[in-house]
1. In terms of modelled amide H atoms, which long-range or inter-chain residues lie less than 5 Å from the amide H of B:Ser75?
2. At 4 °C and 1.567 mPa s, what whole-number value in µm²/s does Stokes-Einstein give for the translational diffusion of chain A, with Rh from the Kirkwood sum over Cα pairs?
3. Using only Cα atoms, tell me the angle between helix A:141-156 and the longest principal axis of chain A; keep it within 0 to 90° and round to the nearest 10.
4. Can you list residues whose amide H is under 5 Å from B:Gly222's amide H, if they're 5+ apart or on another chain and H is modeled 1.01 Å from N?
5. Once phi is turned into θ = phi - 60°, what whole-Hz ³J(HN,Hα) does the Karplus curve with 6.51, -1.76 and 1.60 give for every residue of segment A:121-136, x standing for Gly and Pro?
6. With r as the distance between the Cβ atoms of A:Val42 and A:Val128 and R0 = 60 Å, compute the FRET efficiency 1/(1 + (r/R0)^6) and round to 0.05.
7. If you take each beta carbon of peptide A:116-124 and count the beta carbons of other chains within 10 angstrom, what is the mean?
8. Where the Cα atoms of the protein assembly as shown are projected onto their three principal axes, how long is each span, largest first, in whole Å?
Amino acid sequence: MKRKIPVIITSLVGTVLILSVFFPPAERMGEDFSIFFDIIAVFAFFLGGGNLVRIHGNKIYKKARDWGFSAVTLAGFFLMLAAGLFKIANPGGIAADVTAQGSLFQMLYDWIFNPLGASMYALLAFYVASASYRAFRAKNKEATILLIAAFIILLGRTPLGVYATAWIPEQFSLMQIPNLAIWIMTAPNLAGQRAIMIGIALGVISMSLRLILGVERTYLGTDNE
Amino acid sequence: MNNLGLIISFLVIGAGLLWFLLRALQGKEVERRIIFVFIGLAVSVPILFSITFAEKASPIVKAVYDKIENLPDGSRVLISYDYGPSMAPEVEPMSNAFLRHSLAKGHKVYLMGLWATGQSIAATAIDSVVRREFPEKVYGVDFVNLGYKAGNQGVLNVIITDIRKMYLTDVGGIDLDSLPIMDGIKSLRNMNLLMSVGGGFPGIKEWIQFAGDPGHIPVAGGSAAVSAPLLYPYYPTQLLGLLGGIKGAAEYEAELKRHYPQFADTPQPGIKMMGPQTLAHLVIMAFIIIGNISFFVARRRRG
């Protein structure tokens, strides 16, 4: 029973959602199921928050390696949670928007979360440069093609690409670096992406059918869990 | 000052790269920390000297600009903030430019987010763009912030037929039916243009698949450079245009500045960031060349 009920729910919801696309009478049911999904998605936040507290709480309790980071994580989590739940310093009071300017939540977001997140992303520039230096080596034919494509795209994404090849006559404009970069994106890249997308779509269809028919049950976990 | 900065940048970085090129000819590799120093210089010097370049909108960017420009005044434009702080420096210039352009054209703007962080970003955009540059625009009449709802593409699946099944109030708890901007709006199908700014999941792809395609509503987007290649298969039929990375944002800002002189003095972070990006790209390319030279020299020595 523990396994049958989830399989029946999955089959029913999957079938109705497919039917709702093709048969107007089932459209309303499809909408209702979408709303159920959105409600369930809200509970994922509780689950995620609970899991975060459990894992980092355990680390702090056991004084595991780098437990200090866990303490910072939990402090940040509870501070943001309190600021959002109780709308601390919110100009409009408890009934107003949590993101109102001047509220503690929005201040923490603007002055701590935002710069920290941006700094983390900015570090990518350094790692991309280091990785490019090590990875882009013309070791064979394929790697050389990749290297040339990378060069064109890198130049094409800067104004220097325009300046460097502006002298090329209009009838050969495809050879101008920005146009070559666009061609790479809209021809070879497009063909590759479409092939991958079609492959993924076929995979999703077959996996969905397996789920709806109850053949695929790994999402339920094992009986031992 | 601009030219002097450019010359100093090239001299400092060029001399260093030349030194490592000579070392590469001896088959010597470059340490990771050296690359980090050069990238640091490449991104900081153009910011210090305010190095900017002239930008021209490419067709894929121009298509978005033209769409907003050619919509009749008072059209309904929805902007979805589908990103977080980590992606903000790259895509925020796009969302701000879309918002600025739409309001300048007199369109009605609906803000929302499929990412939880989108709600705060939309609030910041209202404060930094709408309140400062368009003080005459009235909340609830000219623009509204619908906020964030959990459910990813599930939210789109519902609001494509009925917005009020997900959003009974705006972000501040005001009944949607009491806002004039919501008059005649039943679902996303009543929008004239959907714009998603982001680069992850859920994002532009979900807007196309769950809103644009089923509702036959034009979709445009702004995406982080790393995600842009994944969206090209949808252009131009399902995605009318796309701003890819800082370059896309800079092109859009340049186009906006060209046609709307009143925005000449507004912040243009896209154009500003193209200086560091250009120099960083050049440094990366130089290191790729240096890496290949040292690789071939070392291989020849090994025989």
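We did not get these values from a lab; they are worked out from the coordinates using the rules stated. Just so it is clear, the model here is predicted, and its values are computed rather than measured. Neighbour counts run over all protein chains shown; Cβ positions are idealised from the backbone, glycine included.
1. Counting only residues 5 or more places away or on other chains, the set is B:Lys108.
2. Numbers: Rh = 24.3 Å.
Answer from the Stokes-Einstein relation: 53 µm²/s.
3. 90
4. Amide H to amide H, under 5 Å and 5 or more residues apart or across chains, B:Gly222 pairs with B:Ser196, B:Val197, B:Gly198, B:Leu243.
5. Couplings: 5, 5, 4, 4, 4, 5, 6, 4, 4, 5, 5, 4, 4, 7, 8, 7 Hz.
6. 0.95
7. On the way: counts 2, 8, 8, 3, 2, 8, 4, 1, 2.
Counting Cβ atoms of other protein chains within 10 Å of each residue's Cβ and averaging gives 4.
8. Projected onto its principal axes, the Cα set of the protein assembly as shown covers 70, 63, 52 Å.
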